[in-house]
Structure formats: C-alpha cells, structure tokens
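**Student:** Sharing a structure here in structure tokens format.
The values are calculated or read from the model by the stated rules, or taken from the named source; none is laboratory data. None of these values were measured; they are calculated from a predicted model. A quick note on method: Cβ atoms are made from the backbone with ideal geometry, for glycine too, and the neighbour counts reach across all protein chains shown. Quick note on the areas: whole protein, heavy atoms, side chains included, nothing else; ligands and nucleic acids left out. Shrake-Rupley method; radii C 1.70, N 1.55, O 1.52, S 1.80 Å.
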Amino acid sequence: MNVLTTTWRQLVRRRLWPVALLLLAALAAVPVLLARDAAPVDTPPLPQTSAPAETAKAGADDAFAEPVVAKASTADRSRRRRVLGSRKNPFQPAPVKKPKVKADKASDEKADAPEKTGGSTAPTTPTTSAPTAPVTPVAPAPPKKTYAKGTLIVRFGDPTSDLDRMALPKLGALPKDDDETGPLLVYTRLTDHGKKAVFLVDASLEPTGDGTCEPHPSNCETVELSKGETEFFDVIDPETGEVAAQYELDLVAIK
C-alpha cells in the first residue's frame, strides 16, 4: 500500500496523473474488447479458371520441375569445346628449360668442323706462328740523387777553362783541392727565405759581378748570390798589388 501511495504522490507532484489515468482506462478496456465475438465476413466466390490458364500453369510447373544441371551424354562429351588458351594438364610437371649455348662456343665448333665440298672433307692447312723476337732487357732507371737541405749546385774554376760542376754543402770551401792558397770562399748560410746563399770572402779577393757585398763594396766580407747569378773573384798579390789569379762562381741551383 505504501508503494502505491508513494507512486501516486510522485505522479501528482510531477503532474503526470492524467497519463496514469489514461493507462488504467486502457488496461480496463482491453479485456472487454477481446470478449466480444467478431462478425462473420462473407468470402466472395472464386472465379472459374479457363483451360489456357491451367495449361500455362502446368507448363510453368514442368519448367520448374526440370533440373538446371543435367548429366552429359556421350554425344555431348565427344563434341569439341572451344576454350581460351592451350590445353594443359594440371598434374603434369613443368618442362625443364634447356640452357642456351653461348655464341662463342657455337662459332668455335663451327670453325673447328671440316668444310665439306662435294662429299669430301677439305684438308686443313697447319698454322705457323711467326718467330718471336728476342726481348731486350730494359735497364732500370738510375736512382734519383738526393741532397741535404740547403745544398748548392755550383760551377767554379778558372773562367778561361771549363768550370767544374759540384754540390757544395753548408760550410763547404772553394777551391777544394788547392793546398797552396787554401780556401778562398766558404758557403755559410741561406738568407731571404732560402733564395740567396751567403759566402765568406777571403781578404785577398776582389769580387765583381751580380752578387751583393756586405757590409760595403769597398770592404767586402761576404757575398750574397741568388740562383742564376755569377760572381768573379780576382786574387790580389799583397806585395805587388797585381792580379795573381782569377775565379768564376756560378750559382746553378739551391736544393
């Protein structure tokens, strides 16, 4: 009872009680309507069917009675069927492809085979190879000369004769084999980033040429020469003051 009272109060509060009354009236009217007997309905007589209609119906029934897939006869099997592509047995293994013979091998075999003319084989002429010329042994190239850093290539000697070409290392003296006078020039160092060579000059020499005298031309203690320059040195006799000998110095290269 409490459940019905609570439900009714909620419907009244939410203003849904008219809907509840309509639902109750519908539930009461359903059994009354179902209890009433339905009025009999008069069924109209069926029209008489004609003979053509019955024949068409019988033909349609026969068409449905025939099967769609029928067993093939011997005549149908012997008839040739047209299909796309060539016939292939699915259970037959694929044929193995033969390797292609190279053209070079075929041409060699053809060249080796004897030529047939008139049913007889033509004789082959033996090939003769030309005699090979004797091979002259090639002499190995001489090893390239190596020089120490700062070495000079100079030509020095009497200007009236052939000058001696030589390699002059640092602190090397000129002339080399003169025991009577001793060394007159000594190669001391390089200046101007290795472009000029400095020679210490003996007091008995009077230089003239392309070189530069230091500290002064009248008092020449050292001579600076560049590549390609030439300097002449006169040996002065200290007693007579005459030229006793003369030397030429050519600076060929600076290694």
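**Student:** Of all residues in the stretch 187-197, count the ones that are assigned to a strand (DSSP E or B) and either open to solvent by 70 Å² or more (accessible area, probe 1.4 Å) or modelled with pLDDT under 90 (or both).
**Tutor:** Of the residues in the stretch 187-197, 1 are assigned to a strand (DSSP E or B) and either open to solvent by 70 Å² or more (accessible area, probe 1.4 Å) or modelled with pLDDT under 90 (or both).
**Student:** List the strands (runs of 3 or more DSSP E) that sit entirely inside the stretch 198-255 and contain at least 3 residues that are of a type outside the set (S, T, N, Q) and in contact (Cβ under 8 Å) with a residue 60 or more places away in the chain.
**Tutor:** 243-254
**Student:** For the stretch 147-186: of the residues being part of a strand (DSSP E or B) and charged (D, E, K, R), which is nearest to Thr212 (Cα to Cα)?
**Tutor:** My answer is Arg155.
**Student:** Something else about it: Give Lys227, Lys116, Lys144 a once-over and let me know the one that is open to solvent by 60 Å² or more (accessible area, probe 1.4 Å) and modelled with pLDDT of 90 or more.
**Tutor:** After applying the criteria, what remains is Lys227.
**Student:** Out of all the residues in the stretch 149-159, which are over 12 Å from Asp250 (Cα atoms) and open to solvent by less than 50 Å² (accessible area, probe 1.4 Å)?
**Tutor:** Gly150, Thr151
**Student:** Something else about it: Test Lys255 against the stated conditions and say whether it is open to solvent by 80 Å² or more (accessible area, probe 1.4 Å) and either hydroxyl-bearing (Ser, Thr, Tyr) or farther than 16 Å from Pro159 by Cβ (or both).
**Tutor:** For Lys255, the condition - open to solvent by 80 Å² or more (accessible area, probe 1.4 Å) and either hydroxyl-bearing (Ser, Thr, Tyr) or farther than 16 Å from Pro159 by Cβ (or both) - is met.
**Student:** Tell me which residues, restricted to the stretch 160-169, are open to solvent by 100 Å² or more (accessible area, probe 1.4 Å) and at pLDDT 90 or above.
**Tutor:** Arg165 - this is the single residue of the stretch 160-169 that is open to solvent by 100 Å² or more (accessible area, probe 1.4 Å) and at pLDDT 90 or above.
**Student:** For the stretch 170-182, how many residues meet the condition of being open to solvent by 70 Å² or more (accessible area, probe 1.4 Å) and either at pLDDT 85 or above or of a type in the set (Lys, Arg) (or both)?
**Tutor:** 3
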